[in-house]
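Peer 1: Below you will find the structure I want to go over with you.
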Amino acid sequence: MFNDIGPLELVTLIILAVLVFGPDKLPKVIQDVTRTIRKIRDFSESAKQDIRQELGPEFKDFEFEDLNPKTFIRKQLDNDDLGLKEIRNGFDLKKEMAEVTDAVHGRDSDTGSSSSASGSSGGKVEMTKRPASADERPPYDVDAT
């Protein structure tokens, strides 16, 4: 319930409660608070039971925690009926990245390192500009302008 309260914060709350209510009234206040929390829990459980009875026997396994979107999505993704585990296991990121790298470098992805060793340029692409001759015009695309 109080998972995000650290020990220092808890000590601060206790000291603050002693200062506000005093050491004489503090046990009575704690009893009242615990009694109120218990009543709220009982009311919540009875409301859940009433809703389950009204929904009928089809929803006897209905869990209210499933209404939380995170819980619902996690439960659906862990469901084996969708086949997501097979898809996730069949996807090899290293292999896909190697294929993309080979395609960028102009190598055949099936031969792997043998094509890069036997190729004359070593699988490298010439990226420098070559000087254009005076009579050579750069390519012109009418649709691009």
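The values are calculated or read from the model by the stated rules, or taken from the named source; none is laboratory data. None of the values given here were measured: they were computed from a predicted structure. Here the Cβ is made from the backbone with ideal geometry for all residues, glycine too, and neighbour counts use every protein chain on show. Keep in mind that these areas ignore ligands, DNA and RNA; they rest on the heavy atoms of the full protein, side chains included. Shrake-Rupley method; radii C 1.70, N 1.55, O 1.52, S 1.80 Å.
Peer 1: Is it the case that region 88-100 has a residue that's open to solvent by less than 100 Å² (accessible area, probe 1.4 Å), of a type in the set (A, V, I, L, M) and at pLDDT 80 or above? Step through it out loud before you land on a result.
Peer 2: Going through region 88-100, the residues open to solvent by less than 100 Å² (accessible area, probe 1.4 Å) turn out to be 90, 92, 96, 98-100.
Next, only the ones that are of a type in the set (A, V, I, L, M) stay: 98, 100.
Then drop every residue that is not at pLDDT 80 or above, which leaves 98, 100.
Yes, some residue in region 88-100 is open to solvent by less than 100 Å² (accessible area, probe 1.4 Å), of a type in the set (A, V, I, L, M) and at pLDDT 80 or above.
Peer 1: Being in contact with a Lys or Arg (Cβ under 8 Å, 6 or more places away or on another chain) and closer than 18 Å to ASP78 by Cα is the filter here, so list the residues in region 51-63 that pass it. Break it down into steps so the answer makes sense when it comes.
Peer 2: Taking region 51-63 first, the residues in contact with a Lys or Arg (Cβ under 8 Å, 6 or more places away or on another chain) are 52, 59-60, 62.
PHE62, the sole residue that qualifies.
Peer 1: A further question follows. Are any residues in region 1-12 part of a helix (DSSP H, G or I) and modelled with pLDDT under 90, and if so, which ones?
Peer 2: First, pick out the residues of region 1-12 that are part of a helix (DSSP H, G or I): 7-12.
Across region 1-12, the qualifying residues are PRO7, LEU10.
Peer 1: Being small (Gly, Ala, Ser) and not in a loop (DSSP other than H, G, I, E, B) is the filter here, so list the residues in region 40-69 that pass it. Talk me through it step by step, then tell me what you get.
Peer 2: Within region 40-69, the subset small (Gly, Ala, Ser) is 44, 46-47, 56.
Passing the criteria: SER44, SER46, ALA47.
Peer 1: In region 1-60, what count of residues is obtained for those that are more than 33 Å from the chain's Cα centre (by Cα), open to solvent by 100 Å² or more (accessible area, probe 1.4 Å) and among the aromatic types (Phe, Trp, Tyr)?
Peer 2: Counting residues in region 1-60 that are more than 33 Å from the chain's Cα centre (by Cα), open to solvent by 100 Å² or more (accessible area, probe 1.4 Å) and among the aromatic types (Phe, Trp, Tyr) gives 1.
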